[in-house]
Amino acid sequence: MICTSIIERNIDKCIKILKQCEMAELRLDRIQPEPNAVKQLMSLKIPVIATCRAGIYNDDKRLELLTIAVQNGAAYIDIELESNEHYKKQLIDLARSCNCKIIISYHNYNETPDVCTLKSIVAQAGTFNPDFVKIATRALSIEDNYAILSLYETEKNLIAFTMGKLGKKSRIKSLQLGSPFIYASYTKKQQAAEGQFTMNELKKILER
């Protein structure tokens, strides 16, 4: 399944994009919607991952937006492993009470750690009993792709791939190895992370 990461700040355009998706990740930190707009975005009947990365908002604001998303029908919530424990616990408890699936994610935008470290990160994320663990790291070499993809040999309920130009093929391979979906951008100018294929590019690749 293709999960389109949406970062468009115009809510009407967001809704238009959502109507073309089979699944979507709403980057609330990039969209920066008002609370009522979050409800509006959750009203369409497609699976949505609610994500609000650190940096733009403080934890209280992130918690507010994600709470609204979960309470109004988000199918998944993405919670960063490095978030503080109180923040994680509040969102995990909320998600479980609302039958929303939990993704505990780890992102490394600088490099790909060695396999031993990666396995330790997966194990740490697993202590929160999520539905899925997401590991996304930057590929600085082709070998980094092998390191990330080797996790599928021993781990279940995993979403793991590398970012950057050298990591593009790892995204396709992750789907073949068991990832439940693959992230895409809506257009090349709207990439949420370097190395994403567009939604239409992926459709053509997966139809081959």
Practice problem: For region 131-145, name all the residues that are surrounded by fewer than 13 Cβ atoms within 10 Å (Cβ to Cβ) and hydroxyl-bearing (Ser, Thr, Tyr). | Solution: 141
Exercise. Return the total of residues in region 40-70 being surrounded by fewer than 20 Cβ atoms within 10 Å (Cβ to Cβ), basic (Lys, Arg) and modelled with pLDDT of 95 or more.
Key: 2
Self-check item: Residue that is nearest to residue 127 (Cα to Cα), among those in region 98-114 that are exposed (fewer than 13 other Cβ atoms within 10 Å of the Cβ) and out of contact with any helix residue (DSSP H, G or I) (no Cβ under 9 Å at 6 or more places or on another chain)
Solution: 99
Exercise. From (1) touching a strand residue (DSSP E or B) at 6+ places or on another chain (Cβ under 7 Å); (2) under 23 Å from residue 67 (Cβ atoms); (3) of a type outside the set (Ser, Thr, Tyr), pick out the condition that doesn't hold for residue 144.
Key: (2)
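Rundown of residues vs (1) under 14 Å from residue 105 (Cβ atoms); (2) crowded, with 20+ Cβ neighbours inside 10 Å; (3) basic (Lys, Arg), yes/no style:
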{"residue": "126", "(1), (2), (3)": "yes, no, no"}
{"residue": "129", "(1), (2), (3)": "no, no, no"}
{"residue": "152", "(1), (2), (3)": "no, no, no"}
{"residue": "168", "(1), (2), (3)": "no, no, yes"}
{"residue": "186", "(1), (2), (3)": "no, yes, no"}
{"residue": "200", "(1), (2), (3)": "no, no, no"}
Quiz prompt | Residue that is surrounded by the most Cβ atoms within 10 Å (Cβ to Cβ) [pool: residues in region 1-38 that are of a type in the set (S, T, N, Q) and either in contact (Cβ under 8 Å) with a residue 40 or more places away in the chain or more than 20 Å from residue 57 (Cα to Cα) (or both)] | solution = 4
Quiz item: Out of the residues in region 72-99 that are touching a residue at least 40 places away in the same chain (Cβ under 8 Å) and in contact with an Asp or Glu (Cβ under 9 Å, 6 or more places away or on another chain), which is farthest from residue 49 (Cα to Cα)?
Solution: 88
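The values are calculated or read from the model by the stated rules, or taken from the named source; none is laboratory data. What you see is a predicted model, and the numbers here were worked out from it, not measured in a lab. Neighbour counts are summed over all protein chains in view; Cβ atoms, including those assigned to glycine, are modelled from backbone coordinates with ideal geometry.
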